[in-house]
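The values are calculated or read from the model by the stated rules, or taken from the named source; none is laboratory data. Note that the structure is predicted; figures quoted are calculated from it, not measured. When we count neighbours, we look across all protein chains shown, and the Cβ atoms used for this are built from the backbone with ideal geometry, even at glycine. To get the accessible areas, we keep the full protein, side chains included, count just its heavy atoms, and leave off ligands, DNA and RNA. Shrake-Rupley method; radii C 1.70, N 1.55, O 1.52, S 1.80 Å.
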Amino acid sequence: MGRSRRQRHDDRQFDMFNADGQPAQALFPVRTPKSDIECMDFSAKLKRAMSDALKECTYSREDVAARMGTILGLPKFSKGMLDKYTSESSEAHQISLLRFKAFVKATGCNWLWQLVVEDDGLTLMQGEEARFAQIGVLEQKIIKDQQLLKDLKKSPVELRRGRRR
């Protein structure tokens, strides 16, 4: 017995939910929003991630601070200020959203945005990933519409127009 159309797989077709052998959960994890936010836990997590970003980044801390200063229009933005934003022991120094955005731009570590939104049940998509998500939504709609059409075709349609009694 042949395989049904639904079971066939074309190796040339990209599967947005299983690229490069990664399971769907790894590419676009489904997150559940946390019911509450522990501000100090989030702050510590963000500071650790920013510190990791500085280690990952090809620029020195001085260069990142200078780049942030340029982005923000603050020529006196210093390495010391940057160190306070990334130090877990410096609870009084919390980075503003504007400065965080400048930090992400200065380091090139866009993955930091995911850390900011994941506790709210969100998954960040970048660039073409959003288009792939739209394709997935449309494919699901097509499948649903095809099933509806199939269900409608199960019952014969009796046309009464044009018949004389």
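Some points to look at:
- One decimal place: the segment residue 148-residue 87 gains 16.3 nm when fully extended, by the rule 0.36 nm per residue minus the C-alpha distance.
- Accessible area (Å², 1.4 Å probe, nearest 10) - residue 99: 60 Å²
- R0 of 30 Å, Cβ-Cβ distance residue 52-residue 141: FRET efficiency to nearest 0.05: 0.15
- Accessible-area value, residue 158, 1.4 Å probe, nucleic acids and ligands omitted, Å²: 120 Å²
- For the range 97-165 versus the range 49-93, the gap between their alpha-carbon centres in whole angstrom: 37 Å
- Annotation: residue 100 carries an accessible surface of approximately 10 Å², with a 1.4 Å probe and no ligand, DNA or RNA atoms counted.
- Point-to-point label distance, residue 117-residue 157, nm (Cα→Cβ direction, 7 Å offset): 4.3 nm
- Using a Förster distance of 30 Å, the FRET efficiency for residue 105-residue 34 (Cβ separation, nearest 0.05): 0.65
- Overall Cα dimensions of the range 60-111 - principal axes, largest extent first, Å: 26, 26, 20
- Placing a pseudo-label 7 Å from each Cα along the Cα-to-Cβ vector at residue 41 and residue 78 gives an inter-label distance of 3.5 nm.
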